[in-house]
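Take a look at the structure below.
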Amino acid sequence: MRDAAAKLARGALVAFPTETVYGIGADATNAMAVARIYDVKGRPADHPLIVHIADFKYLEQWISDIPEYAIALAREFWPGPMTLILKRSDLAQDFITGGQVTVGIRIPNNSLALGLLEAFHKLGGAGIAAPSANRFGQVSPTTAEAVQEELGSYLSDRDLVLDGGPSVVGVESTIIDCTGELPRILRPGAITIEMIVEVTDLKVSNSLDKKSDDFKQEGIRVSGSLENHYAPKARVYLDQQPVAGSGLIALDSVKTPDGVIRLTAPKSVEEFARVLYAALREGDHQSLDAIYIAQPTGDGLAIAIRDRLSRSAKGR
Ligand code: TXA
Ligand code: MG
């Protein structure tokens with residue numbers, strides 16, 4: 001892990017596993033290194049990045065203010081699939097925040113990620129900026145192979161891709177705006193609204209129905225909230241009868257019609273989240289024109305799954 005951390009310290013990129021999806025990381029204080037993330041992803045330069053840290057004690061330097069409820073959330077759910085948006089300090093520069101006055105911070109719950117972060121902090125690093133390790137607008141990678149497939153041809157010999165096996169959660173972290181009096185969910189994930197209410201005892205607002213335009217009017221940029229995102233090459237159809245020759249992603253209880261190619265049959269909503277992105281990739285590997293998805297119903301993680309799928313279905 002020391003070698004990987006040393007690469008980051010020298011300004012190279014290191015892709016690493018987290019419990020949600022794989023990230024492509026750079027020293028969050030190195031403008032040149034962070035600029036390469038944007039190049040490699042093909043992402044517009046004004047989109048903010050999440051800063052990953054190993055421990056709560058590294059939080060203070062990145063922020064200028066934190067409400068009580070955010071401290072409670074951090075204590076309860078970190079390390080874990082949750083990103084807190086907080087008022088930034090001067091350390092969080094415009095090339096991280098997209099010029100906003102806030103910064104997104106997360107402590108991931110994955111031993112490789114935490115090992116890398118600890119080693120990087122030991123070398124004096126303040127944090128690792130890491131978006132999901134996919135080309136802009138495409139499906140997030142949940143394995144090291146998927147990272148290679150997405151970014152391999154854009155990385156150089158100095159960069160590194162760490163392999164920690166498949167991500168266990170499978171959808172990106174819950175993003176919670178903690179700059180107001182009440183917490184507000186900007187992107188749903190495995191930390192659900194019920195869990196946030198339980199810990200904070202506050203009314204939690206939800207921006208799930210917001211389109212990127214609504215966010216834009218407020219002056220915040222959440223690229224994961226763009227309408228076209230998380231999209232495979234195949235056209236995605238939600239909750240429609242699949243036609244022969246197309247792919248199907250659905251819970252195990254849903255039968256596969258004749259001539260339809262079953263891509264996965266998860267037994268629970270948790271498994272659905274875990275295998276979803278790999279199944280979308282598999283559809284593309286099989287060069288399918290269309291993938292039909294029977295969405296899981298209900299609350300909790302199903303909300304995050306439907307959020308991503310509604311964007312996948314808008315296409316590229
Ligand atoms: O699970 C995850 O969060 C993964 C892993 C690698 O940690 N990362 C991830 O990063 O999904 P990315 O860049 O693909 O998505 C982060 C989202 C983007 O939509 C970005 O706009 C938003 O977080 N974001 C980051 N900083 C923000 C800020 N200060 N204010 C509002 N949104 C922010
Ligand atoms: Mg992403």
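Given the Cα atoms of the chain, and with Rh set as the inverse mean 1/r over their pairs in the Kirkwood sense, what is Rg to Rh to two decimals? Write down the numbers at each step before the final one.
Details: Rg = 18.8 Å, Rh = 19.6 Å.
Checking Rg against Rh, the ratio lands at 0.96.
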query = Given a 1.4 Å probe and every protein chain left where it sits, what share in percent of the accessible area of the stretch 113-171 is carbon and sulfur?
reply = 51 percent
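What is the magnitude of the charge dipole of the stretch 83-169 about its Cα centre, with +1 placed on the Cβ of each Lys and Arg, -1 on the Cβ of each Asp and Glu, and no other charges, expressed in debye to the nearest 20? Working shown, then result.
Details: 6 positive and 9 negative charges, 79 e Å.
Computed about the Cα centre, the dipole is about 380 debye.
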message = At 7 Å along Cα-to-Cβ for each site, give me the label-to-label distance between Val243 and Lys122 in nm.
response = 5.8 nm
Fluctuation leader among Asp258, Asp163, Asp27 - the chain, Gaussian network, Cα springs under 10 angstrom = Asp258
ask   = So how exposed is Glu149, as accessible area in Å² (1.4 Å probe, rounded to 10)?
value = 100 Å²
inquiry  = I'd like the FRET efficiency for Gln93 and Lys255, computed as 1/(1 + (r/R0)^6) with the beta carbon distance as r and R0 of 45 Å, rounded to 0.05.
reply    = 0.25
request  = Set Lys and Arg Cβ to +1 and Asp and Glu Cβ to -1, take the dipole of the chain about its Cα centre, and tell me which of Ile185, Ser132, Ala45 lies farthest positive.
outcome  = Ala45
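From the protein chains alone at 1.4 Å, what is the descending order of accessible area for Ile50, Ile191, largest first?
Numbers: Ile50 35, Ile191 10 Å².
Heavy-atom accessible area, descending, gives Ile50, Ile191.
Where only protein heavy atoms count, and the probe is 1.4 Å, what is the accessible area per residue for the chain in Å²? The partial results should precede the final answer.
Values: 13260 Å² over 316 residues.
Ligands and nucleic acids excluded, the result is 42 Å² per residue.
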key: Accessible surface of the stretch 1-104 [probe 1.4 Å, protein heavy atoms]: carbon and sulfur percent   = 49 percent
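Treat every Asp and Glu Cβ in the chain as -1 and every Lys and Arg Cβ as +1, leave all other atoms uncharged, and give the resulting dipole magnitude about the Cα centre to the nearest 20 debye. Can you show the working numbers first?
Values: 33 positive and 40 negative charges, 118 e Å.
That gives a dipole near 560 debye.
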key: For the stretch 126-141, 3J(HN,Hα) per residue [Karplus equation, 6.51 cos²θ - 1.76 cosθ + 1.60, θ = phi - 60°, Hz, x = Gly/Pro]   = 8, x, 10, 7, 8, x, 4, 8, 10, 5, 3, x, 9, 6, 5, x
remark   = Interchain or sequence-distant (5+) residues whose placed amide H lies within less than 5 Å of the amide H of Ser89 are Ile63, Ser64
note = Output row, site Asp39, 7 Å Cα→C-beta label point, backbone N cut-off 18 Å, window the stretch 87-104, residues 95-96
key: Heavy atoms of Ser268: accessible area, 1.4 Å probe, square angstrom to 10   = 40 Å²
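The values are calculated or read from the model by the stated rules, or taken from the named source; none is laboratory data. None of these values were measured; they are calculated from a predicted model. Cβ coordinates were reconstructed from backbone atoms using ideal geometry, including for glycine residues, and neighbour counts include every protein chain displayed. Ligands, DNA and RNA are stripped out before the accessible areas are found, and what is left, the full protein with its side chains, is counted by its heavy atoms. Shrake-Rupley method; radii C 1.70, N 1.55, O 1.52, S 1.80 Å.
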